[in-house]
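Asks: To start, I am sharing the structure in question, which I have written as structure tokens.
The values are calculated or read from the model by the stated rules, or taken from the named source; none is laboratory data. None of the values given here were measured: they were computed from a predicted structure. Every residue, glycine as well, gets a Cβ built from its backbone with ideal geometry; the counts of neighbours run over all protein chains shown. Heavy atoms of the whole protein, side chains included, go into the accessibility calculation; ligands, DNA and RNA do not. Shrake-Rupley method; radii C 1.70, N 1.55, O 1.52, S 1.80 Å.
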Amino acid sequence: MHRLVPAEYFLITFTLPAELRPLARAEPSVVYDLIMRCSWETVRTFSHNDKQLRGTPGAIAVLHTHTRQLGFHPHVHLVMPAAAIDSAQKKWRCKRRKKGSYLFNHTALAKVFRAKMLAAIETAGLRLPDSYPKAWVVDCKSVGSGEKALVYLGRYLYRGVISEKNIVACDDGQVTFRFTNAKTGKVERRTLPGAKFLWLILQHVLPKGFRRARNFGFLHPNCKRLIALLHLLLKFNPYQAGAWVKQRAPIVCPCCGAEMTIVKTRIRMPFLGATPPTPAVEGAH
């Protein structure tokens, strides 16, 4: 968030079609890397060809492999400002869009992403399935200043596939968890045998050493001096970002009142009733 720039931000989502997901299961290290690289190369191509931008953009990419029901659904989120740097002419350009218009056409993005992804898979020596769709899915929407989108993606990096509070019951070898239906917005529950629940979790474990969050373009970590120069020239203070984010209230010791540090979180067993109890917390000074 300290690298935010004064421009409108967009959240662009690139999804791998169902026909290619078995390949992702079989070769996760290769396919996950290709999804992230091809997503970036797609938006970089569009930025260079855009009449207003004509330069290299910056983007923060995060790989997700799951749905809210814990299904296998690889996709990449890119948080990208509508801005670019022209290194040759040393110019900073922002895209001014009319109300109701878009950063890039999502249908055109999907076509280019499809072509780049299929070519990259073949170049990597992997075998494509016998059939795959002609129309792929890419979503592109405005997220304002970008702060809330970064917080949204940041939470996924640290909380794992499912939050512990959403595991509402674990009885007689059955696990029940809750999730929000993306279409209806309603909270629903799903009960599975314990072994199947564990499989749903384990299928999302990334290959060892794989980086699920990456920075590209002028938002790469090597561009810290460039970002600092932009903030100075554009008179933009990024440290005001995040002031609205609420800090977690400290947990104090009931005996002496000193602040405690969480060292372990465990689930009380069994769960009874519709509302799950608060997880027991063990702390230390």
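Asks: Check residue 102 against each of (1) more than 16 Å from residue 153 (Cα to Cα); (2) buried (at least 16 other Cβ atoms within 10 Å of the Cβ); (3) of a type in the set (Phe, Trp, Tyr) and name the one condition it does not meet.
Replies: That leaves (2) as the condition not met.
Asks: Which of (1) in contact (Cβ under 8 Å) with a residue 12 or more places away in the chain; (2) closer than 28 Å to residue 229 by Cα; (3) out of contact with any strand residue (DSSP E or B) (no Cβ under 6 Å at 6 or more places or on another chain) does residue 116 not meet, given it meets every other one?
Replies: Against the list (1) in contact (Cβ under 8 Å) with a residue 12 or more places away in the chain; (2) closer than 28 Å to residue 229 by Cα; (3) out of contact with any strand residue (DSSP E or B) (no Cβ under 6 Å at 6 or more places or on another chain), residue 116 comes up short only on (2).
Asks: Only residues that are crowded, with 17+ Cβ neighbours inside 10 Å, assigned to a loop (DSSP other than H, G, I, E, B) and not aromatic (Phe, Trp, Tyr): list them for segment 206-230, please.
Replies: Matches in segment 206-230: 219 only.
Asks: Between a residue in segment 123-134 that is over 12 Å from residue 30 (Cα atoms) and any residue that is in a loop (DSSP other than H, G, I, E, B), which pairs come within a Cβ distance under 8 Å, given they are 6 or more apart or on different chains?
Replies: Here the result reads 132/17; 133/17, each pair linking segment 123-134 to a residue that is in a loop (DSSP other than H, G, I, E, B).
Asks: Limited to segment 176-196, what total is found for residues that are open to solvent by 70 Å² or more (accessible area, probe 1.4 Å), in a loop (DSSP other than H, G, I, E, B) and touching a strand residue (DSSP E or B) at 6+ places or on another chain (Cβ under 8 Å)?
Replies: Residues meeting the conditions: 1.
Asks: Residues 249, 241: which one is of a type in the set (A, V, I, L, M, F, W, C), modelled with pLDDT under 90 and surrounded by 15 or more Cβ atoms within 10 Å (Cβ to Cβ)?
Replies: Testing whether each residue is of a type in the set (A, V, I, L, M, F, W, C), modelled with pLDDT under 90 and surrounded by 15 or more Cβ atoms within 10 Å (Cβ to Cβ) leaves just 241.
Asks: Then there is this: Tell me which residues, restricted to segment 4-27, are touching an Asp or Glu at 6+ places or on another chain (Cβ under 9 Å) and closer than 20 Å to residue 148 by Cβ.
Replies: If the condition is that a residue be touching an Asp or Glu at 6+ places or on another chain (Cβ under 9 Å) and closer than 20 Å to residue 148 by Cβ, then 4, 9, 11, 12, 13 are the ones that fit.
Asks: Let me ask something else about it. Give me a count of the residues in segment 117-149 that are in a helix (DSSP H, G or I), of a type outside the set (S, T, N, Q) and open to solvent by 60 Å² or more (accessible area, probe 1.4 Å).
Replies: The total comes to 2.
Asks: Is it true that residue 169 is surrounded by 11 or more Cβ atoms within 10 Å (Cβ to Cβ) and either more than 14 Å from the chain's Cα centre (by Cα) or assigned to a strand (DSSP E or B) (or both)?
Replies: So residue 169 passes the test.
Asks: Could you please let me know if residue 134 is closer than 21 Å to residue 39 by Cβ, under 19 Å from the mean Cα position of the chain (by Cα) and at pLDDT 90 or above?
Replies: no
Asks: So which residues in segment 8-33 are within 26 Å of residue 154 (Cβ to Cβ) and open to solvent by 50 Å² or more (accessible area, probe 1.4 Å)?
Replies: 8, 29
Asks: Residue check, residue 61 against (1) over 21 Å from residue 133 (Cα atoms); (2) surrounded by fewer than 16 Cβ atoms within 10 Å (Cβ to Cβ), all met but one. Which one?
Replies: The number of the failed condition is (2).
Asks: Among the residues of segment 34-58, how many are crowded, with 22+ Cβ neighbours inside 10 Å and under 20 Å from residue 88 (Cβ atoms)?
Replies: 4
Asks: Follow-up question, since we're still on this one. Any chance segment 158-165 includes a residue that's buried (at least 16 other Cβ atoms within 10 Å of the Cβ), under 19 Å from the mean Cα position of the chain (by Cα) and part of a loop (DSSP other than H, G, I, E, B)?
Replies: yes
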